[in-house]
Structure formats: C-alpha cells, structure tokens
Amino acid sequence: MGELISNIRVFVASSILLFVLLYGPGCSPLVSRFTARAVDQLSEPIHPAAHKVTEPLRSDVGLSILWVGHATVLMQIHDKIIITDPVFTKTVGLLAKRSVEPGIDPAAITRLNTILISHLHFDHFSYGSLDMLPKEATLIVPPEAGEYTPDFCFASTREARTWETIEEDGLRITPVPVQHFGGRYGFDVLWGPIRPYTGYVIEYRGITIFFSGDTGYNPDSFKEIGHRFHIDVALLPIAPVEPREFMKRVHTDPAEALQAFEDLGAKIMIPIHHDTFFQGLEPDVGYAKKLLQTLIEERGLQDRVKLLAIGEQVILKNE
C-alpha cells in the first residue's frame, strides 16, 4: 500500500508539472479540478459494457471494426488483425479509472498481426495491457519512443517514421502527422522526444483506414492525409471537450472531429476516445457523445458516422 501511495503521489506531481509547463501559471485552479475529479472517480464502480463480443475474429469478414473503448479498436481486414492503443486495465497511470469495462476480454484475441501505439501517455501505451496480447504480433511505436518501450517479446518492434511505410505480407502501415504533445511521466517532457506521437494509415487489399490517436484539429495535416490516401474509415477522437480553450490544442471536440472527417474525405467515421474515462471537466462521461449525436442529426450524417457503443462490432464489408 505504501508503494502504491508513493506512485500515486509521483504521478500527480508529474501531471501537475506537465500542466504547468504546457499552460503556464494560470492553470493552477484547473490542475486542482482535474486532480479532484480523478480522485473522486476512484470510488466509482466500473460499469459493464453494453456489448461483449466473445468471438471477435471471424472467417467471413472483409472489414470489421470493434470499439473496445477509449482509443482501443480491434479491426479485421480480411485475414489481418490490428489493434490500436490497447488498454484493458482498470486504471491508467494509477489514478484514472475506467467508467466502463473493456468491450472484449483480451483472451478472445487469439491471433494478432499488428499493434499500433499512437503516443506515450498511460491511457494509450499501457504496458500491462500489451502483456495480455499474442506475441506473434508486430508492435509499432511512435517516433523516438524506443527508450520508453520495454521488451514485450513480440515478434518484432518497429519505430514509426512519419510518411515512411512499414509493410509486412501486404499489410501497409504509414505513420502520419497529428497534433498532440509528448512525454509520458510529465516531467520528461523537458528532455524526451520532440514529437513522440503519430497517427496511422492502414492499407490492405484495397481497404484504407485512418487512426488518429489523440489529436487537436489541424486542417493542413488532415487535408494532406486525405490528398495522399483514399480513406474508407476514419477513427477520430471526440473528447475530452471541456474546458475547451485548455483542450483544443491537443484534443478535437465533436464538431472539430466532423470537420477533420470532411478534410480527410473519408467515407465512414467511427468516433473514439469518449465514454470510457473522465479526462476533462465535462458534466458526465457521455457528454461528448450527446454533442455528437445532435450534430449527426442536424447534418444528416446517420449513414456515414457510426456511433458505436463500447464492445459493439460493425461489419462494413463481408468476405
């Protein structure tokens, strides 16, 4: 227990330092509110997922997307299985607790080709979660993230380089630029890699998927990605939303995510990074989803924006 309390103190202190470094002395009240919200959530129950797929891998699938929660997406493109930013633990960084359990048991992932890590933050690069996954996979980590990457005994570990495609057995992974911030522990933002964050474009057998990880809205980047690739599905984050001026540089809100979807020229959007953890100062964990639902109805996007529940799997193409 003493070690746990010590680790929590280190995490909180590091987080406070990171906020101060990024946003200046005026952020102190916000830091207190973020910390209080996180501590309050530790006593809240973890709710069951509305959907729980026990056999997510199928022989009849051309393209399926299963939202596990947060930024964790299990996708099947014909015979290839890819997972993004896998997080299956009850907490991340010792302090942030899940609101809803993962949409699948990681033991249900009986084979895996590629694991994509978008950046170093605890809720995206979860060491404990990576230990739960099949070891025949290739792990791809952000630029300059090697020093933060333990040996998980995967078949191989590759470090992303922006616009340089990694190809294995016809599966093409291209790291692409996004807008976020670095560091893992807070204080290491002072000396760590300059841009240890990335999005990815996944291509296989005529299907193209864009996964942004965490990102703020950057029209130039999204338009460039859309110019270079014909994207079928865009996995885009819609939270945290509030406080907006604090969040907007590194996190898209629902309206900005829809604009990014348009900039990319994608056919389908699947919202991610909501409903799972309290990470902002929204009134409830479903706040971003409610905002997006309103925008979808106003703009008539019901057929193009697939708002999945945690654990829900959608089949977009049959084999």
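Sorting 292-305, 275-288, 67-80, 220-233 by average packing, meaning the other beta carbons within 10 Å per residue, from highest down gives 67-80, 275-288, 220-233, 292-305.
Count the net charge of all other residues whose Cβ sits under 11 Å from the Cβ of L112, scoring Lys and Arg as +1 and Asp and Glu as -1.
Working: positive: K80, R111, K135; negative: E136.
Net of charged neighbours comes to +2.
About its Cα centre, the dipole of segment 46-318 is roughly 220 debye, where the only charges are +1 on Lys and Arg Cβ and -1 on Asp and Glu Cβ. Basic side chains Lys and Arg get +1 at the Cβ, acidic Asp and Glu get -1 at the Cβ, and with that the dipole of segment 267-319 about its Cα centre reaches some 220 debye. Loop-located trypsin sites (Lys or Arg not before Pro) in segment 83-160 (DSSP state not H, G, I, E or B) with no more than 13 neighbouring Cβ atoms inside 10 Å: K90, R111, K135.
With the charge dipole of segment 46-318 set up from +1 on Lys and Arg Cβ and -1 on Asp and Glu Cβ about the Cα centre, the Cα lying farthest toward the positive end among the listed residues A260, S64, P283 is that of S64. If a/c stays under 1.5 just call it rounded; otherwise compare a/b with b/c (prolate if a/b is bigger, oblate if not). Do that for segment 225-289, with a ≥ b ≥ c from the square roots of the Cα gyration tensor eigenvalues. The shape class here is prolate. Which listed residue (M247, Y217, V201) has the Cα farthest towards the positive end of the charge dipole for segment 175-269, taking +1 on Lys and Arg C-beta and -1 on Asp and Glu C-beta about the Cα centre? Working it through, the farthest residue towards the positive pole turns out to be V201.
If the only charges are +1 at each Lys and Arg Cβ and -1 at each Asp and Glu Cβ, what is the size of the charge dipole of segment 115-188 around the Cα centre, to the nearest 20 debye? Walk me through the numbers on the way to the answer.
Details: 5 positive and 12 negative charges, 29 e Å.
It comes to approximately 140 debye.
Once you sort the root eigenvalues of the Cα gyration tensor of segment 65-111 as a ≥ b ≥ c, which label holds: rounded (a/c under 1.5), prolate (a/b larger than b/c) or oblate (the other case)? Since a/c reaches 1.5 and a/b is larger than b/c, the shape of segment 65-111 is classed as prolate. Sorting T198, T114, T208, T252 by the number of Cβ atoms found within 10 Å of their own Cβ, with the fewest placed first, yields T208, T114, T198, T252. When each of F211, F154 is scored by the number of other beta-carbon atoms lying within 10 Å, the sequence from fewest to most is F154, F211.
Just so you know, all these numbers are worked out from the coordinates, no wet-lab data involved. Given the structure is predicted, the values throughout are model-derived calculations rather than measurements. Cβ sites come from the backbone with ideal geometry, for glycine too, and all protein chains shown count toward neighbours.
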